Amino acid sequence: MTMKHSSYEKDGEMGGGGMMGGCYTYPASPATPGKVTPDAFFDRGVYMDGSMKMDDGKSVRIWGFYDRAAGGGMGSKPFPSPAIRVTEGQIVHTRLVMDMMMLHTIHHHGIEPSWQNDGVGHVSWDVDRQYTYQWRASQAGTYFYHCHTNTVLHAEMGMYGGLIVDPRPDPNDPPGTKRVFAGGPAYDLETVWAADEIDPRWHTLGADAGTCGADVGLNDLNPKYFIITGVDGAKSALTAPGIAVQMNRGQTLLARYINAGYYPQRIRFGGLTATVVASDGRPLPRAFQAQSLEASSAERYDCLFTPTQAGVFDVTVEVLHWVTGKVLGTARTRVTVY
Ligand SMILES: [Cu+2]
């Protein structure tokens, strides 16, 4: 079956060729319904010619979002895409602008906006020029955003970034106090561990691969690389600034762990004990302690560490086959406590 959905197409906006195409794609660039003045604004473009260099010297092609307001613009090709960080209660606009003919969306995963603003192409539209997503950051926590056009492929290609909602500052706290959620625990340092697996074959495919009936093997993921927050977990993530952590005894680290891949994962904290306080953007009814955690695709856990001993702690993420549970590969980073 092939299907070309056209009810959202507007006269005069189609054509131009280029990246446009695909059978399960739904081009449109409507106005945002009920648009109001936002409290926070993010401006995202798309690049499709990025690359990530692996520890073995090879590179894979990466697609992603870039911040149109930042220096470097499209040439910056950041991976993961730049984080969206807002405060609980804010109304947020995320504008997606394509300078060339492309089809992508932004889905703010875990946020629950109206269907027009959910960025799921097949239930609303794929943005062909420009759309402003309007949403409210209703609950502090760890989320992420990703493209939801030909989703299986576009998310694998790297079209994702962190989405963090901070609680409103508590007027009773000393200035600068950071909390995971309102009334929740405080932390001193923070890192994001977005663990993902990469099958280089997928990274040779075109934007609409598999949408017109051809079998391009998107049911067959054979990962060769295992990465943490855009850095190869074979070696580089052990020392990568912002991923590997250096801290002092008595400090509290918040690690926002995201399973950004498709297979289940097991994260081991290398001898550190995590106090797990929230998951999927919600406080847990009861925090628990763990030396390791398992997470399925898109799950997030907010883990606090307050080490009392100096030492070097290697954090490993094992990527597990979804049927057999076999370890397909491991990514590593490190917490060094002084
Ligand atoms: Cu996309």
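Computed over protein heavy atoms with a 1.4 angstrom probe, the accessible surface ordering of 303, 212, 23, largest first, is 212, 23, 303.
Mean residue ellipticity, 222 nm, helices only, the chain: the sum of -39500 (n - 2.57) across DSSP H runs of n ≥ 4, divided by residue count and rounded to 500, is -500 deg cm²/dmol. For region 131-287, a Kirkwood radius taken over Cα pairs fed into Stokes-Einstein (25 °C, viscosity 0.890 mPa s) yields D = 137 µm²/s. Separation of region 246-307 from region 122-196 is 16 Å, based on Cα centroids.
One compactness figure for region 194-337 is 1.15, namely its Cα radius of gyration divided by 2.2 N^0.38 Å. For the chain, taking the reciprocal of the average inverse distance between every pair of different Cα atoms yields a Kirkwood hydrodynamic radius of 20.8 Å. A 1.4 Å probe, protein heavy atoms only, puts the accessible area of residue 332 near 90 Å². Taking a probe of 1.4 Å, how large is the accessible area per residue of the chain, in Å²? On a per-residue basis, the chain sits at 43 Å².
Size check on region 81-145: the Cα extents along the three principal axes, sorted descending, read 35, 24, 16 Å. Distance from the C-alpha centroid of region 198-221 to that of region 49-112: 21 Å, rounded to the whole angstrom.
With a cut-off of 11 Å between beta carbons, the residues surrounding residue 69 carry a summed charge of +1, where Lys and Arg count +1 and Asp and Glu -1.
The solvent-accessible area of residue 292, taken with every protein chain present and a 1.4 Å probe, is close to 50 Å². Computed on protein heavy atoms with a 1.4 Å probe, the accessible areas place 190, 156 in the order 190, 156, largest first. In the structure shown, the pairs 53/178; 35/178; 58/178; 77/235 are assessed against 28 Å; a Cα-Cα span above that value is assigned to 53/178; 35/178; 58/178.
Where a ≥ b ≥ c are the square roots of the eigenvalues of the C-alpha gyration tensor, would you call region 27-180 rounded, which needs a/c under 1.5, or, failing that, prolate if a/b is larger than b/c, or oblate? Oblate, since a/c reaches 1.5 and b/c is not below a/b.
Using a 1.4 Å probe on the protein heavy atoms, what percent of the accessible area of region 27-180 belongs to carbon and sulfur? Answer for region 27-180: carbon and sulfur cover 50 percent of the accessible area.
The values are calculated or read from the model by the stated rules, or taken from the named source; none is laboratory data. The model shown is predicted, which means the values in this text are computed figures rather than measured ones. So basically every Cβ, Gly included, is an ideal-geometry build from the backbone, and we count neighbours across all protein chains shown. Just so you know, the surface numbers come from the protein's heavy atoms only, side chains and all, with ligands and any DNA or RNA stripped out. Shrake-Rupley method; radii C 1.70, N 1.55, O 1.52, S 1.80 Å.
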